[in-house]
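A.B. asks: Before anything else, here's the structure in question.
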Amino acid sequence: MTDELVSVYDADGNAVGAEPRSRVYAEGLWHASAGVLVRSTDGTRIYVHRRTMTKAVFAGMHDCLAGGVVDPGETPLQAATRELAEELGISGPPLTALASTAWDGQWAGKPMRCHLYAFEARWDGPIRHQPEEIVDGWWWTDGELAAHLADPAWPFVPDTRVLIPQLLRLRQHR
């Protein structure tokens, strides 16, 4: 198995090169991740899933963004589209950026530092989990997700946790 290359960014969100994923994580190099919040077509539910225990980071935790790192030469939108198809088997719905800034947020914790790009897709079709990435998934309302997130001990990926309050507020204003 080869060590996949990841786009490396500077602190301002500009792509500046590529490095092996292991180095990016070990040294905490800035990189970017793109994720997709999947909502039902009527907008009342969010798809939440649990990551496998074999994930390199945040293994076994819950998340509501299907996503991953931005590959060299890829835009965040291209990465989000690719990851949505890989992780949840969803292809075709348009993706809408969930922030008006160049990037939505930052995660500067262990083991990594990344710029977070978030998109939304509306979908009621079938969902097919990638078994290497996702163990289980289900639909929740914004309120159900917010109630679980109110418990800091609930195992939810910390980089997405940074964005969720903003994403739920954006939903209220649409």
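The values are calculated or read from the model by the stated rules, or taken from the named source; none is laboratory data. Being a predicted model, the structure only gives us computed values, none of them experimental. Cβ placement follows ideal geometry from the backbone for every residue including glycine, while neighbour counts extend to all protein chains displayed. Each accessible area value is taken on the protein alone, full model and side chains, heavy atoms only, with ligands, DNA and RNA left out. Shrake-Rupley method; radii C 1.70, N 1.55, O 1.52, S 1.80 Å.
A.B. asks: Could you tell me what percent of the accessible area of the chain is made up of carbon and sulfur, with a 1.4 Å probe and every protein chain present?
C.D. replies: On the way: 4680 of 8410 Å².
Ligands and nucleic acids excluded, carbon and sulfur reach 56 percent.
A.B. asks: Give, in nm to one decimal, the length gained when the segment between MET53 and THR75 is fully stretched (0.36 nm per residue of separation minus the Cα-Cα distance).
C.D. replies: Values: separation 22, 0.36 × 22 = 7.92 nm, distance 2.81 nm.
The span from MET53 to THR75 would gain 5.1 nm if fully extended.
A.B. asks: Based on the Cβ-Cβ distance of THR41 and TRP154, what FRET efficiency does E = 1/(1 + (r/R0)^6) give at R0 = 22 Å, to the nearest 0.05?
C.D. replies: Values: r = 27 Å, r/R0 = 1.24.
With a Förster radius of 22 Å, E is 0.20.
A.B. asks: Direction-averaged shadow area of the convex hull around the Cα atoms of the chain, nm²?
C.D. replies: 9.6 nm²
A.B. asks: Oh, and also: Under a Cβ-only charge scheme (Lys and Arg +1, Asp and Glu -1), can you give me the dipole magnitude of the chain about the Cα centre, in debye to the nearest 20?
C.D. replies: Dipole about the Cα centre, nearest 20: 380 debye.
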